[in-house]
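Each remark here refers to the structure printed beneath this line.
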Amino acid sequence: MFIQTETTTDPAVLRFLPGRDVLGEGTVDLHDRTQAKASPLAERLFAISGVSAVSLGRDSITVTKNAGEWQHLKPAILGAIVEHFIAGVPILTDSAASLPHGLSAGAGNSGEGELSGRIKDALRAVIDPELGFNIVDLGLIYAVDVADGGAVRITMSTTTPGCPATSYLKQGTSECAGAVPGVECVEVQLTYDPRWSPEMMSAEAKARFGIRSGGHR
Amino acid sequence: MIGASLSRWTMAYFASALFFLVAAECMMAGGYGFPHAAVGAPATLILVHVVAIGWLSVLMLGALFQFVPVLVAHPLHNDWLPLPTLLALLSGLAALILGFLQLASQVDPELPFFALASVLLGLGFAFALWNLGRTLWSAQSRPLPARFVMVGLTSVVATAGFGIVFALVLARTTTYGPFVALAGSALVIHVIAGLGGWLTVTAVGVSYRLLAMFMLAPELERSSTKAALYLGVAALAVAIGGGTWAILHGANFTLMLSGSAMVGLLAVALYAGDVVYLYKARKRRTIELNCRMAALALASLAASAVLIVVLLVLGQLKEYAAAVVFLAAFGWLSGLGLAQLYKIVAFLTWLECYGPVLGKTQTPRVQDLVIERRATKWFLLYFLAVWAGTIALVIGYSPAFQGAAAAMLIATGGIVAQFARTRRLADVTAAARLPVGVRKPRLLFAPSHQN
């Protein structure tokens, strides 16, 4: 599963694009834990200390923080999103009908989103040596954050902690992303929270390994 | 850095180990040692130690220097120590073989080869234990497979300890009563500690993780896995601790060993259940050669366990112990070792050659370094030959055993040739073999900058 991260004009707000439909249409804004009961995904996100609001969009999840640094919050948020989609539970419960729906605010920076997509495409040239498949479709790239000026931060994992290929995968990811036009500098952050699992693979990768698809892309 | 790096001398360990496997198969095919000589004859002792130290222990240590850091996500404590460790083990084994030849009056009896072997082998295993032990100790977490390895490493102490006592008594360096008593009766404890504790428990721990990793199966931390570990520890404690106590105090040694065997068999049964679960729960439906052949090695372990049960019931374990040991050493441990080497050699070679250019240029996959179809026939021949050899030992027909050993030798030659081809990138297509920045790897070691 590949989650893009976009900054917004508000430094306290970050948008996460899981690469699949979230609501499909419209938005739902949730401002506290009580409202979050309408969404299992929002409940997971509100369980993270520092998250103050969650907005669910057509294909994005916008998170607002009131405390903490994004570098600490983001791995937990990414983990919560991945765990939600792996669990295969619905985005909204029946009680969501009482919540106000609106149109997507659409505050994203399309230039950064486009660069993030090109980085993702470029990273398909990097393979996990053991599985012999590209790290994007394997779901090893958790997030690509593009900031103003082409500074890129990639959050990634390996199939197993302690993998002897770890340093090569980090270096290869950095080299590959750094060669994409528009990228000025790259920071690769390794995380094992959440641990990678085969469920994070794309449908194509799953088909390659004969894994029955669990409803993910 | 979270994780491991390439251990520079791993390939040298593997090559040395394979040399001794081939040497042992030559001996067996040529009629050297058991069944042509008695179990305690110098020729048999040479054969047994060539297999146990030269092949299996060197193979296992080479793999552990690479694999323990993966198990605990912590770098190896010391990167340069594996080379002196290997040199100490190889020279110690050479001294031990010369010591056994002294027993057969084939070498000058004045030279202290047994004492030298005790020092060198003790030093080699101590280096290894210190390096791996410090790595395990420094890790933030030690998952269950790592704990199996810790038990295996602890068993090395017992195995080497008994071996040193035997060597010193044989060399008449000591006449200390308890040591002489142990040298007379504790051979079976030495075998259990080595084959059962050091090699099998370690292989079990490594296989839990490797099979889960290669087959995309869940990593097991379930109660049966913990029970297998605890029962394995209990079986070893009864055999080694209780057995030693029984010998020194004149208690019932056979009863102690029977009790240990029962508990140990239960541990093997739990492990078998776990492995079947791993194969069933795997996400990767199409598995590679190393996992397919590992299944045959695991079947050999199960067959060894069944054979022990049957022989215990018939009261004939002692008469057929050689067949059980042969099946466990060559079907289970060697089979698993060769199967995993097929993958590990390719993986390490890939890292050494293509890791540094990953992301800069297109690289082949690990699978592109091997041709499984060609290797499969050699592995099948190997396992069939081992099973035939076991039957030959059971029925006591030596020529058939020699024929089986010759078939094992041919199969091993075929498998080693595949390793060499992998190492030389011979099976990678010419277009993909050497992109800019990639050099052919050396056969026996990785360059020093690969860290």
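Numbers at a glance
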quantity	calculated
Hull volume in cubic angstrom per residue (convex hull over the Cα atoms of the protein assembly as shown)	162 Å³
Entries in A:206/B:283; A:120/B:360; A:74/B:283; A:37/A:65; B:360/B:440; A:206/B:226 that, when Cα-Cα distance is taken, lie over 20 Å	A:74/B:283; A:206/B:226
Relative contact order [Cα under 8 Å, 6+ residues apart], the stretch A:110-204, whole percent	31 percent
Aspartates and glutamates with Cα under 14 Å of residue A:170, excluding same-chain neighbours fewer than 8 positions away	A:128, A:187
Whole-number percent relative contact order across chain B, with pairs defined as alpha carbons under 8 Å at least 6 apart	17 percent
Spread of Cα-to-Cα distances over 5 Å intervals beginning at zero, given as percent, for the stretch B:398-451	4, 15, 16, 16, 14, 10, 8, 7, 5, 3, 1, 0
Inter-label distance for residue A:187 and residue B:285, nm, one decimal - labels placed 7 Å from Cα along Cα-to-Cβ	4.3 nm
Segment residue B:26-residue B:227, extension gain: residue separation times 0.36 nm, minus the distance between their alpha carbons	68.4 nm
Helix-only CD estimate at 222 nm, as mean residue ellipticity for chain B, using -39500 (n - 2.57) per DSSP H run (n ≥ 4)	-22500 deg cm²/dmol
Mean shadow area of the stretch B:175-327, taken as a quarter of the surface of its Cα convex hull (nm²)	9.8 nm²
Under Karplus coefficients 6.51, -1.76 and 1.60, residue-wise ³J(HN,Hα) of the stretch B:137-154 in Hz, glycine/proline x	5, 7, 5, 6, 9, 10, x, 3, x, 5, 6, 4, 4, 4, 5, x, 5, 5
The stretch B:1-142: relative contact order as a whole-number percent, Cα under 8 Å and 6+ apart	28 percent
Per-residue Cβ neighbour rank within 10 angstrom, fewest leading, A:55, B:138, B:334	B:138, A:55, B:334
Alpha carbon Rg of the stretch B:334-416, scaled by the compact-globule rule 2.2 N^0.38 Å	1.48
Karplus-derived HN-Hα couplings along the stretch B:395-400 (A = 6.51, B = -1.76, C = 1.60, θ = phi - 60°), whole Hz, x at Gly and Pro	7, x, 10, 4, x, 5
Measure of compaction for the stretch B:17-118 (Cα Rg per 2.2 N^0.38 Å)	1.25
The stretch A:3-102 - Rg (one decimal) and Dmax (whole number), Cα, Å	12.2, 34
Most positive-pole-ward Cα, B:397, B:294, B:415, against dipole of the stretch B:288-451 from beta carbon charges	B:415
Cα principal axis extents for chain A, largest first, Å	49, 41, 28
Å³ per residue enclosed by the Cα convex hull of the stretch B:288-451	119 Å³
Mean shadow area of chain B over all directions, Cα convex hull, nm²	21.2 nm²
Ellipticity estimate at 222 nm from DSSP helix runs (n ≥ 4, -39,500 (n - 2.57)) divided over chain A, nearest 500	-8500 deg cm²/dmol
Span from the the stretch B:152-194 Cα centroid across to the the stretch B:274-327 one, whole angstrom	28 Å
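Read the figures in this text as sums done on the coordinates, not as results from a lab. This one's a predicted model, so the numbers in the text were calculated from it and none came from an experiment. Cβ: placed from backbone, ideal geometry, glycine included. Neighbour counts: every protein chain shown.
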